[in-house]
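Q: Structure in structure tokens, see below.
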Amino acid sequence: MSIQWFPGHMHLTRKAIAERVKAIDVVIEMLDARLPGSSANPLLAELTGHKPTLKVLNKQDMADPARTEQWLAHYRAQPGTRAIPLDASHTSPARALVAECRELAPLRGGMVKPLRVLICGIPNVGKSTLINTLMGKRAAKTGDEAGVTRNEQRVALADDCYLFDTPGVLWPRIVVPESGTLLAASGAVGRNAYDDETVALDLLDLLKVDYPALLEERYRFGLDPAALAQAHADALMESIGRQRGALVAGGKVNLTKAAELVIADFRQGHMGRITLETPPQFLRWLAAGEAADAERQKQRPDRPKARPARRR
Ligand code: G4P
């Protein structure tokens, strides 16, 4: 699903990150473990690509453990990169974060050269929750609306290790249509940017193939995995709406309500532990997205050249 998403102020955030990165030793990139590839912002890689990076796969409690392992292996194979899973139940995550950051920047540390760490992540990955835990109080606001974390903060992770919050909000950049669906389903983009019904149908299409047993367990369609994989997402949504009493006058299913139920079930983890993409799948989507983008660029008519200024 391609979604309309034109966040403002990205140029300001870009400038601020580029400035901040100059005095940073390690970048922590927080990702949503349910959609690691799609929840990464390519702009961040562009701005911080030369810095050692720790990928934190957050919300791992909601993600499929086998797929989390695949993603960790994928990131750990990248140069200058380490990766760990995390979730909000870790009451003292500082020790693990510091240990990983020290491995990435072994020459920093001590009072003279403290280790300086920048934490980045698109809205809703759990950055405020982690910062709150690290600070031991509700310092950063958390909420289910995209983009609540705004003010820059500094947290002492150890006597000689400081964590800086990203200046500005790092909105997701949607490179491939599949990522649009995943980001919308996870709650990472504002509600006005997508249509609930489209997102829920795309989500059901994905889940009926990758997680038929979990889908059957949740909604009791009475279908075996092969039959579920063949079923139309519209029929599944109709069935869910009917079961849950999402009806309008005349007994027809209220599809908007049914879609909201599906999305809420996914977001709240009621369907079980799910990861919506694997590394090979995401890389395939990305390659196709980039090829389509290159094709679009080729077909764009050349912009008319600027007319020379008329002499007066
Ligand atoms: P952000 O700063 O990156 O925008 O994200 P934030 O911390 O506000 O977290 C977004 C939502 O994700 C919050 O839920 C938060 O509780 C939840 N969350 C954060 N980390 C984890 C985790 O490791 N596991 C799980 N399962 N959830 C996590 P919310 O419902 O929007 O708000 P709240 O009422 O729970 O605070």
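The values are calculated or read from the model by the stated rules, or taken from the named source; none is laboratory data. On a predicted model such as this, the values are computed, not experimentally measured, just so you know. Quick reminder, even Gly has a Cβ in these numbers, built from the backbone with ideal geometry, and neighbours come from all protein chains shown.
Q: Which of the helices (runs of 4 or more DSSP H) found entirely inside the range 167-275 contain at least 1 residues meeting this: under 26 Å from M30 (Cα atoms)?
A: Per the criteria, 177-186, 196-210, 255-267.
Q: Which of (1) surrounded by fewer than 16 Cβ atoms within 10 Å (Cβ to Cβ); (2) over 22 Å from S39 (Cα atoms); (3) modelled with pLDDT of 95 or more does A258 not meet, given it meets every other one?
A: If we test A258 against (1) surrounded by fewer than 16 Cβ atoms within 10 Å (Cβ to Cβ); (2) over 22 Å from S39 (Cα atoms); (3) modelled with pLDDT of 95 or more, just (1) comes out false.
Q: Consider only pairs whose beta carbons are under 9 Å apart and that are at least six residues apart or on different chains; among these, list those whose first residue lies in the range 77-95 and is farther than 17 Å from A33 by Cβ and whose second residue is within 12 Å of the ligand (Cβ to nearest atom) and assigned to a strand (DSSP E or B).
A: Once the first residue is farther than 17 Å from A33 by Cβ and sits in the range 77-95, no partner that is within 12 Å of the ligand (Cβ to nearest atom) and assigned to a strand (DSSP E or B) comes close enough.
Q: Any residue in the range 48-63 that is within 16 Å of the ligand (Cβ to nearest atom) sitting within a Cβ distance under 7 Å of a residue that is among the hydroxyl-bearing types (S, T, Y)? List the pairs, counting only those 6 or more apart or interchain.
A: Every condition considered, the pairs that remain are K55/Y75; K55/T81; L57/T68; Q60/T68; D61/S89; A63/T275.
Q: Which members of the range 108-135 meet the condition of being farther than 21 Å from R267 by Cβ, within 15 Å of the ligand (Cβ to nearest atom) and either free of Cβ contacts under 8 Å to residues at least 24 places away in the same chain or not hydrophobic (A, V, I, L, M, F, W, C) (or both)?
A: Passing the criteria: only M135.
Q: Which pairs turn up if I take residues in the range 194-222 that are within 16 Å of G272 (Cα to Cα) and look for partners that are surrounded by fewer than 19 Cβ atoms within 10 Å (Cβ to Cβ) with beta carbon separation below 6 Å, at least 6 apart in sequence or on another chain?
A: The qualifying pairs are L204/A233; K208/A229; V209/A229; P212/P225; L214/G272.
Q: Going residue by residue through the range 272-291, is there one that turns out to be more than 16 Å from the ligand (Cβ to nearest atom), at pLDDT below 95 and acidic (D, E)?
A: Checked against the condition, which is being more than 16 Å from the ligand (Cβ to nearest atom), at pLDDT below 95 and acidic (D, E), the range 272-291 yields at least one hit.
Q: Suppose we keep only residues that are surrounded by fewer than 21 Cβ atoms within 10 Å (Cβ to Cβ) and of a type in the set (A, V, I, L, M, F, W, C) within the range 156-166. Which one would you say is nearest to V27 (Cα to Cα)?
A: If we filter the range 156-166 for residues that are surrounded by fewer than 21 Cβ atoms within 10 Å (Cβ to Cβ), which is where we start, we get 156-160, 162, 164.
Narrowing the set further to residues that are of a type in the set (A, V, I, L, M, F, W, C) leaves 156-158, 164.
On the way: A156: 15, L157: 14, A158: 16, F164: 10 Å.
This residue is F164.
Q: Separate question: How many residues does the range 175-215 contain that are of a type outside the set (A, V, I, L, M), in contact with a helix residue (DSSP H, G or I) (Cβ under 6 Å, 6 or more places away or on another chain) and on the phi < 0 side of the Ramachandran plot?
A: 9
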